[in-house]
1. Name every residue in the range A:73-88 that is assigned to a helix (DSSP H, G or I) and either farther than 27 Å from A:Asn15 by Cβ or of a type in the set (Phe, Trp, Tyr) (or both), in order of residue number.
2. Using beta carbons and a limit of 7 Å, which pairs, at least six apart or on different chains, have the first residue in the range B:115-138 and within 9 Å of another protein chain (Cβ to nearest Cβ) and without any contact (Cβ under 8 Å) to a residue 40 or more places away in the chain and the second one among the charged types (D, E, K, R) and open to solvent by less than 70 Å² (accessible area, probe 1.4 Å)?
3. Tally the residues that are in a helix (DSSP H, G or I) and either open to solvent by less than 20 Å² (accessible area, probe 1.4 Å) or without any contact (Cβ under 8 Å) to a residue 40 or more places away in the chain (or both), restricting the search to the range A:89-109.
4. Do we find that B:Lys35 is open to solvent by less than 90 Å² (accessible area, probe 1.4 Å), in contact with an Asp or Glu (Cβ under 6 Å, 6 or more places away or on another chain) and over 23 Å from B:Gln156 (Cα atoms) in this structure?
5. Is it the case that the range A:110-132 has a residue that's in contact with an Asp or Glu (Cβ under 8 Å, 6 or more places away or on another chain), open to solvent by less than 10 Å² (accessible area, probe 1.4 Å) and outside any loop (DSSP other than H, G, I, E, B)?
6. Tell me, which residue of the range B:170-187 that is at the interface with another protein chain (Cβ under 9 Å from one of its Cβ atoms), open to solvent by 60 Å² or more (accessible area, probe 1.4 Å) and not in a helix (DSSP H, G or I) is modelled with the highest pLDDT?
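The values are calculated or read from the model by the stated rules, or taken from the named source; none is laboratory data. This structure is a prediction, so every number in the text was calculated from the model and none was measured. Quick reminder, even Gly has a Cβ in these numbers, built from the backbone with ideal geometry, and neighbours come from all protein chains shown. We work out accessible area using only protein heavy atoms, side chains counted, and drop any ligands, DNA or RNA first. Shrake-Rupley method; radii C 1.70, N 1.55, O 1.52, S 1.80 Å.
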Number of protein chains: 2
Amino acid sequence: MEEIDFKTLTPYAKNFTGLTEVHEALLVEVGPMLKPSLGEVTERFYSTLRSIDKTAPFIEGRLESLKQTHRKWLEGLFTGPFDESYAQSMYHVGQVHVKVHLPVEFMSGGMSLINDELIALVCKTFSDYPDRITALLKAINAVTGFSLLIMQQSYQSSSLSAELDRFLAITGMSRSLFNNLAGAYHN
Amino acid sequence: MEEIDFKTLTPYAKNFTGLTEVHEALLVEVGPMLKPSLGEVTERFYSTLRSIDKTAPFIEGRLESLKQTHRKWLEGLFTGPFDESYAQSMYHVGQVHVKVHLPVEFMSGGMSLINDELIALVCKTFSDYPDRITALLKAINAVTGFSLLIMQQSYQSSSLSAELDRFLAITGMSRSLFNNLAGAYHN
């Protein structure tokens, strides 16, 4: 893994997505009430992905294992901690997305679908507590945004690095020659 | 602008973010109730961006013009239409982000902060109509997700293309030589 300073990235990503300590505490607090329904969220998420021509082939043949990983991640959103090692795991997911050639839009599209399911679930579960709904939806928006931001920063970095590899392979140029030329180039 | 098939991209992005015709109609319907408060959403959005070290320099000296553009875009989310020409305008925003060297995470971070403000606004405005809150928050999540997806697909494409330009500049290789080599290369 490239050297990433997660001590800097984690608070930056939290500030940029509005993930506060109050949000984190609330997510963990409501965990026991929401977790029993997260399996349905995962089911509907993959059911939608299977209905889209471009996403379906990426799921084919590995649906059960994907669902398990997804559900575990969803439960983590209501378990915590949302620390540097969580940031590191989301960074790893971004790298894996590049490695298995998932198109860039799968990340934000997926997160929209997940948020859609969670909005419905929260509004239903806490229908008698409107203030709680507002606070919790803000917290969920923040934690999914936090996860997405880190995953995408990683995806971008990995895809540029893969592009350099492709360029070197196509041109037959060595990495050290390219690095020397890059060092000499100023623009 | 590179050749993008917006007739294909638009419905794909809608499916992937759950943006339905029912959502679109609802967004337009509530427009008159929410638009008077969108100025405050923009104010708070830029106030947060100014408080983050990494984003502040990008705003410096152009705050008023950025706010105007931002507010106009926000109003568009409650005006429509969410058609191919809207998709094209979001695609253009992604290209501009690359051109002015905005880091990739500014897109998802920004959209998280905007959603955070809109959740608060909707829950407050429609506090007596809980069913409306659920439907409207799902619609807002979908339309911001739709916008983000298209912007990011464009950003990715533009940044890979900028990276190729950088390789060519550094190595002094002509584009036609590179294209010939790429054509001959199979992996």
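1. Matches in the range A:73-88: A:Trp73, A:Tyr86.
2. Within 7 Å, the pairs are B:Asp116/A:Lys138; B:Ile119/A:Lys138; B:Ala120/A:Lys138.
3. So the count comes out to 9.
4. It is true that B:Lys35 is open to solvent by less than 90 Å² (accessible area, probe 1.4 Å), in contact with an Asp or Glu (Cβ under 6 Å, 6 or more places away or on another chain) and over 23 Å from B:Gln156 (Cα atoms).
5. No: the range A:110-132 contains no residue that is in contact with an Asp or Glu (Cβ under 8 Å, 6 or more places away or on another chain), open to solvent by less than 10 Å² (accessible area, probe 1.4 Å) and outside any loop (DSSP other than H, G, I, E, B).
6. Here the residue is B:Gly172.
Here's the yes/no breakdown for (1) in a helix (DSSP H, G or I); (2) open to solvent by less than 10 Å² (accessible area, probe 1.4 Å); (3) within 14 Å of chain B (Cβ to nearest Cβ):
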| position | (1), (2), (3) |
| --- | --- |
| A:Val22 | yes, no, yes |
| A:Thr48 | yes, no, yes |
| A:Lys54 | no, no, yes |
| A:Gly61 | no, no, no |
| A:Glu64 | yes, no, no |
